[in-house]
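A quick write-up on the structure given underneath.
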Amino acid sequence: MKLIQRLARVLAGSTALVMAMSVFGAASAADYPCRNVEWIVGWGAGGGSDRFARSIAPAVGDALGVPTKVINMPGASSIVAQEEVLKRPADGCTLFSVTPDQLTNEITGLTKLSHTGLTPVMRAHVDVGMLHAAKGGKFGTWDAVVEYAKKNPGKLLVGGTGAASFDEIVANVLFGSAGLKYRYIPYESSKEMHADLLGGRLDVIYDEVSVMSGMIDAGQVQPLVVLAENRLGRFPDTPSAKELGYTVPPSLWRGAAVKKGTPDESVKMLEEAFMKAADSEDYKKFEEGRLLNLYPGRLGSDGFAKLLANEHGMYKGVIGSLKKN
């Protein structure tokens with residue numbers, strides 16, 4: 001009888017412990033002040049920003065303890081999405097995908113919205129850019145490009161997507177630093193630009209490693225310069241802009257932000273959730289598969305804010321010079 005009573009007391013204690021743990025878990029999940037989070041992406045399904053958001057959102061939701069849903073709202077280089085985010089309350093319940101487009105849209109006058117209306121949460125990765133030539137074409141090395149450009153000022157044809165865009169800014173910084181005159185050819189789509197490169201109608205193009213790796217592996221394209229401080233282990237024979245003595249242009253990056261005025265506590269919880277999610281196996285596989293792990297890119301809220309301020313100044317100077325020319 002005593003044994004039965006003793007067992008009953010042990011079971012009762014165990015049950016109480018389980019109940020306490022359950023309550024604690026529920027309280028932890030309820031700490032974030034939103035019942036769910038909507039992540040608005042200003043681009044269509046299947047693009048780089050969409051894939052990034054969908055690859056990390058589930059782990060962000062797990063870390064916050066609330067569902068995190070990705071919503072595509074394409075239009076006007078993500079301006080439509082940004083307008084929607086800024087209409088909503090600054091409560092941390094709405095995330096926004098940020099890229100350098102928020103800076104170029106503002107500086108070129110495409111929108112009156114400013115990046116200062118957002119509070120950065122986290123920059124997840126850097127999508128390193130390179131200059132490329134057609135394999136087997138007239139430029140097998142960067143030295144050959146330099147030689148041609150010096151002998152034929154303004155005749156080197158350099159392709160990129162968009163006018164007064166991120167791509168044109170990168171080209172301006174790199175070629176300006178190298179002291180080379182060229183002609184920039186803007187394209188509406190990278191597919192069309194790639195076709196013209198392979199068809200011999202372009203000399204050099206700018207594009208990200210994640211986009212070009214398949215063409216490089218297929219022997220269609222020759223990387224010439226990696227636009228970073230150091231060479232990439234994936235392409236050890238391709239020199240970096242810094243080692244050549246050039247100014248390193250900005251790199252394409254992706255991250256998340258909230259509306260300015262969101263409580264600091266919510267921003268901090270989001271930052272911690274993103275950092276934890278970025279270490280999840282699923283997200284690591286995504287970065288590895290898209291070659292987004294070749295260069296350090298992760299920044300927290302404060303570091304990301306400083307980067308935005310610095311790059312805004314750089315972009316403004318370059319775009320101002322483009323308008324004068």
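The values are calculated or read from the model by the stated rules, or taken from the named source; none is laboratory data. All figures in this text were calculated on a predicted structure; none of them were measured in a lab. Here the Cβ positions follow ideal geometry from the backbone for every residue, glycine too, while neighbour counts run over all protein chains shown.
The table below lists the values:
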{"item": "Total residues in segment 208-229, condition closer than 17 Å to residue 252 by Cβ and either in the same structural domain as residue 287 (by TED's automatic domain parsing) or not hydroxyl-bearing (Ser, Thr, Tyr) (or both)", "result": "10"}
{"item": "Tally, over segment 66-122, of residues that are charged (D, E, K, R) and in contact with a strand residue (DSSP E or B) (Cβ under 8 Å, 6 or more places away or on another chain)", "result": "3"}
{"item": "Residue 109 vs. criteria of a type outside the set (A, V, I, L, M, F, W, C), outside any strand (DSSP E or B) and within 19 Å of residue 243 (Cα to Cα)", "result": "no"}
{"item": "Subset of segment 168-201 [of a type in the set (A, V, I, L, M, F, W, C) and closer than 27 Å to residue 314 by Cα]", "result": "169, 170, 171, 173, 174, 175, 178, 180, 185, 193"}
{"item": "Test for residue 292: is it among the aliphatic types (A, V, I, L, M), surrounded by fewer than 19 Cβ atoms within 10 Å (Cβ to Cβ), assigned to a loop (DSSP other than H, G, I, E, B) and out of contact with any Lys or Arg (no Cβ under 8 Å at 6 or more places or on another chain)", "result": "no"}
{"item": "Filtered residue count, segment 78-101, keeping only those that are free of Cβ contacts under 8 Å to residues at least 40 places away in the same chain and either surrounded by 19 or more Cβ atoms within 10 Å (Cβ to Cβ) or touching a Pro at 6+ places or on another chain (Cβ under 8 Å) (or both)", "result": "2"}
{"item": "Matching residues in segment 54-83 - criterion: being under 19 Å from residue 103 (Cβ atoms) and either in a helix (DSSP H, G or I) or of a type in the set (Asp, Glu) (or both)", "result": "79, 80, 81, 82, 83"}
